[in-house]
Amino acid sequence: MMGLRFLTIFSLLSLPCAYAATQARGGEILDYTLRVSIDIPASRITGVAKIPVKSGQEIKLNRGTLHLIEILLEGQKIAFPRQEEIVRIFPSRQGVMEIRYAGTFNFPKPPEGAIAQGAMNVPSDVVDGRGIFLTGIWYPQPDQMCHYHLTATLPDGYEAISEAETIRKTTNDGQTIFSFAFPHPLDSIHLTATNRYAIVQDHFNGIEIFAYFFHEDAGLAQTYIQNTKRYLRLYESLIGRYPYKRFSIVENFLPTGYSMPTYTLLGKEVVRLPFIVETSLGHEILHQWFGNLVYVDTAKGNWSEGLTTYLADHLYEEQKGLGFQYRKDLLIDYQSYVNDKNEFPLKDFQARTDFASKAVGYGKAAMVFHMLKSLIGQTAFYDSLKYFTAEMRFKKASWADLQRAFDKNSAKDLSWFFNQWVDRRGLLDLRIEDVRIKPREGKFEVRLIITQKKGIYEADLPVVFYSAAGKTRNLFHLNKEKNSLTVLLDDIPSRVVVDEDYDIARRLTPGEFPPVIARLIGDEEKMIALPTSRAEVYESVIDIFRKSGAAVRESKDITDADLRSASWIILGAQNPLAEKLYGAIKEEGGFTITIKEDPWNSSKVVGIIQAQSQEETDAAFAKIFHYGRYTHLSFDHGRNVHRQVAESGRGMAKDLAKEPIAVDPAKVKSLPEVIDHVASKKIIYVGETHNRFSHHVVQLEIIKNLHRKGKKVAIGMEMFQRPVQKVLDDYVAGKVDERDFLKKSEYFRRWGFDFNLYRPILQFARSEHIPVVALNIPKEIVDKVARSGLASLTGEEKKDVPTGMDFSDAAYKERLEKVFQEHEALRDRPFDFFYQAQILWDEAMSESIDTFLRKQPGYQMVVLAGNGHLAHGSGIPRRTMRRNGYDYAVVLNDVEIEKNVATYVVYPGVVEMEGPPKLMVSLREEEGKVTIEGFSQESVSQKAGLQVGDTILALDQTPIQSVDEVRIDLLSRKKGEKIRVKILRKNLITGDKELEFAVALQ
Ligand SMILES: [Zn+2]
């Protein structure tokens, strides 16, 4: 068998086809004469088939749902099994067998839930008022090829089309009789007719061209005819003469994109779409060669869809310079829809039945032809196809026949290639393991290690090196798990990109794989987060996804394990899950879907669906399945008004050296100028490296300056955690002294950097009564999240977690991942937890800023935090912006200049700060006792007579019960100052003694 009908890949709408392949047929070619008449109101066909047979020759007929009235041999009735679907007959003598039959074809209902899997639901046979569409078992069908002679009797006014070199039409007594002549063997024949066709005729290069469009679409005929000529010209030059005398473009009342010998059937829904003539029409015309001239031996694998896709849809994009994008899209589809469970090798592809089989049989197969062309060269590639088409005309061909043609014309043994790509399932899975550059004789030797992760494939991998001088392209042969590739370059490369044009059928790396609708549809593990209100608006969404296996959850019941294990459908912008993952979601009108990365699992995605009303949902939702390659869609009453794909990387890229950037020293600004520029911003973030005093001097300068300008300034500080706000307020108000403040705020335990670094800022705030806001959340919570994730927090701890958190800043995540990789100490924990802790930290601080400014809208805030929380606006600034929309400036200290890293980067000169004097002891604190554990070298305390094990009771007159108290006491002292240290020394024999020593502080 070959199904002589083929499906089109449309870039937006894909036309459905319900055909499974029929059984392979062999044996000799029968002569089959078929006369049918059709009763349209009754949806009924009656027919007579005549087949000359020989004695004892087995005739196997598929009767499908037909009623076989009688079978005669040379006018004599013969017995046959009436119950079987496949009727086997062994004629007792030579003669003409005549089969009288009838059949009824109503329009069957499509199966439920089919749409969400991309299943096709066009019936194979329909006879009703819209027209006649017969492509299934509408006549008793032999399991072997036949020369068909079809005659159809239809009511007047009908125009009919079937496989035919010539069509004869006679009218008689209110009826029209069509006779179709086709001189080549076919495995089955089809018939389409309506009483609404306007026929336009033209010709090209000896070929009659007909356009059968419905009266209302007749204006399209010329466009289709002209484009048909264009495609015939193209393919005659690439592959060989068009095989028939006529070609017809036929509009169908069903949504098909089929190609039969001598005609194509295009659905009414699509013929008006402008891209159909640009893509699908050419695809169907090319099937006249691949599928309709050379038949497909489907049981051995259908090669024709991949080849047709490659030389039609792909070629048209390639001609526009967008071949790489088309190939990448094929790989995105493959990775979205194909998984370990539904993946199969090309030899097992027969017809598309869903998104996954299409991604293999069309997509992967097209990639295979692309790799084959690269391997043997363009000339040998087209020579092979010309040879193949000529050798196999009107015969059934398999992948093996294709290989023979390619072997012969390329003078190569391509067995390995066909084994690898046709018999094996899967794609290459590559990683750039390492890149090393070393200078050699005035050049640069670059060594690249590429590993194959899932099976070993052989392939020629294109690798491009970028440098200031341009790009250099190399091909490297891969054939092992670990491949070492070396190249000598004139210029030092700044970047290496592997397979940037998607010439290899491989899995995409995370950076190349954008969040798109296909990934949501294709994920077998889906979950739905119900909205907290207006659930009825999303009824059909819930229904369809539930039928395709999605679990349904109330937002409050969703666990972190759920978030990691599935792709999510979040219903409604106000959904608490959306807020938890992405902060606030912008509300949109109509019906929209937005796909985002799942911050809990980068291999999963989250789809946020919003709808204004149930009507909007019902008008638009089913359409999203045609837009698998998009990230965002918005519909207005079912009409797509916006669509967008998220950006993703091109090729597997690795930066080898940062690109040099330059600043213009003539434009350098002074700090006062910087302050003038940022002074009007509601929030001014000033970054720091915590232990650099000069950075704190810059911070203080900015605060003082604004204060002097008469602004109402508040200071937000990362260094203090929210629970100490009261103490901080008391300190600024002068109600407690510094000593009490430090003690009660647990400054040394919670922050720990030398207090002198921040002391001038806090003293200024105190003297000028400038509010200081504790931004941070308790260290214990952040530490716990970094250790064991957000999910580990108790109900009580969760109260401190901000409600809106946005995990979607991919660039920030990437920078944090770099930090994580560089710190050995962090790496015994999962990066996920580290990332959650960072976001929690940033979100909490941004929430604190927002809370203060809501209560005190008259204030401007200077926020002091580590450079890392502010760079590129990623950590705190943009999150605060999300909350309140206030404009801001970011001033960073001493960071490397990068584009958009900050509003300004300040480079203060080094400012020496004298730290507090030291006792030069190490102390242990236990139950209110501070004991000496050891001494540093040349310790002044040891010299003065203190010993290990001594408990410090007081410094001068101040009693000591904690290490903090020691630190606080030393803060206000000077080097060289003498201090009386009162201690308790234990002695088992002489008894414990209180002693006092004078220590000169160092
Ligand atoms: Zn096709």
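The values are calculated or read from the model by the stated rules, or taken from the named source; none is laboratory data. The structure displayed is predicted, hence computed values, not measured ones. Neighbour counts are summed over all protein chains in view; Cβ atoms, including those assigned to glycine, are modelled from backbone coordinates with ideal geometry. Ligands, DNA and RNA are stripped out before the accessible areas are found, and what is left, the full protein with its side chains, is counted by its heavy atoms. Shrake-Rupley method; radii C 1.70, N 1.55, O 1.52, S 1.80 Å.
Carbon and sulfur atoms: what percent of the 1.4 Å accessible area of the chain do they account for? Mind dumping the intermediate values first?
On the way: 21010 of 42820 Å².
Of the solvent-accessible surface of the chain, carbon and sulfur hold 49 percent.
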- request: Consider just the alpha-carbon atoms of region 523-591 and return their Rg together with their Dmax, both in angstrom.
  value: 11.7, 32
query: Relative to the longest principal axis of the chain, what angle (0 to 90°, nearest 10) does the C-alpha long axis of helix 759-768 take?
result: 80
- request: Could you tell me what % of all Cα pairs in region 721-761 have separations over 14 Å?
  value: 46
statement: Amide H neighbours of GLY583 at under 5 Å, excluding residues fewer than 5 places away on the same chain, with H built from the backbone geometry, are MET805, ASP806, PHE807
message: Test of the criteria: in region 557-630, which trypsin sites (Lys or Arg not before Pro) are in a DSSP loop and have at most 12 other Cβ atoms within 10 angstrom of their Cβ?
response: LYS586
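Tell me the Kirkwood radius of region 671-768: reciprocal of the mean inverse pair distance over distinct alpha-carbon atoms, in Å. Don't skip to the answer; put the middle values down first.
Details: mean 1/r = 0.0699 Å⁻¹.
Averaging 1/r across every pair of different Cα atoms and inverting gives 14.3 Å.
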field: Magnitude of the charge dipole, the chain, Cβ model with Lys/Arg +1 and Asp/Glu -1, debye to 20
entry: 660
- line: Looks like region 788-927, by Cα gyration tensor root eigenvalues a ≥ b ≥ c and the a/c under 1.5 rounded cutoff (else prolate when a/b is bigger than b/c, oblate otherwise), is rounded
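Equivalent-ellipsoid semi-axes (√(5λ), Cα gyration tensor) for region 915-1002, whole Å, largest first?
On the way: eigenvalues 79, 40, 28 Å².
They are 20, 14, 12 Å, listed largest first.
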query: What angle, in degrees between 0 and 90 and rounded to the nearest 10, separates the Cα long axis of helix 810-822 from the longest principal axis of the Cα atoms of the chain?
result: 60
- prompt: What are the residues whose amide H is under 5 Å from the amide H of PHE182, where those residues sit 5 or more places off or on another chain and H is modelled from the backbone?
  reply: GLU165
task: Could you please state, rounded to a whole Å, how far the C-alpha centre of region 738-784 is from the C-alpha centre of region 600-652?
output: 47
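Only Cα pairs under 8 Å and at least 6 apart count here; give the relative contact order of the chain as a rounded whole percent. The partial results should precede the final answer.
Values: 2079 pairs, mean separation 71.2, N = 1002.
In percent, rounded to a whole number, it is 7.
Can you order the peptides 494-503, 220-229 by their average number of other Cβ atoms within 10 Å per residue, highest first? Don't skip to the answer; put the middle values down first.
Values: 494-503: 20.5, 220-229: 18.5.
The densest-packed peptide leads the list: 494-503, 220-229.
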- prompt: Where does helix 221-238 land angle-wise versus the long Cα axis of the chain, in degrees 0 to 90, nearest 10?
  reply: 90
query: Taking Cα centroids, how far is region 230-289 from region 478-527 in Å?
result: 35
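Per residue, what accessible area does the chain have, given a 1.4 Å probe and all protein chains present, in Å²? Present the calculation step by step, with values, prior to reporting the outcome.
Details: 42820 Å² over 1002 residues.
Per residue, the chain has an accessible area of 43 Å².
So what is the orientation-averaged projected area of the chain, using the convex hull of its C-alpha atoms, in nm²?
Details: hull surface 223.1 nm².
Average projection, Cα convex hull of the chain: 55.8 nm².
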- prompt: Cα centroid distance between region 829-865 and region 136-152, in Å?
  reply: 74
message: Please list, ordered by chain and number, the residues whose modelled amide H lies under 5 Å from the amide H of ILE569; skip anything fewer than 5 residues away on the same chain.
response: MET527, ILE528, ALA529, GLY607
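Per residue and in Å³, how big is the convex hull formed by the alpha-carbon atoms of region 722-809? Mind dumping the intermediate values first?
Numbers: hull volume 12.1 nm³, N = 88.
Looking at region 722-809, the number lands at 137 Å³ per residue.
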- request: Using only the Cα atoms of region 199-353, each taken as one equal point scatterer with no solvent, compute I(q) by the Debye sum, divide by I(0), and report log10 of the ratio at q = 0.11, 0.12 Å⁻¹.
  value: -0.47, -0.56
Under Karplus coefficients 6.51, -1.76 and 1.60, residue-wise ³J(HN,Hα) of region 730-736 in Hz, glycine/proline x: 4, 5, 4, 7, x, 7, 10
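At a threshold of 8 angstrom on Cα-Cα distance, excluding pairs fewer than six apart, so keeping six or more, what relative contact order does region 435-545 reach in percent?
24
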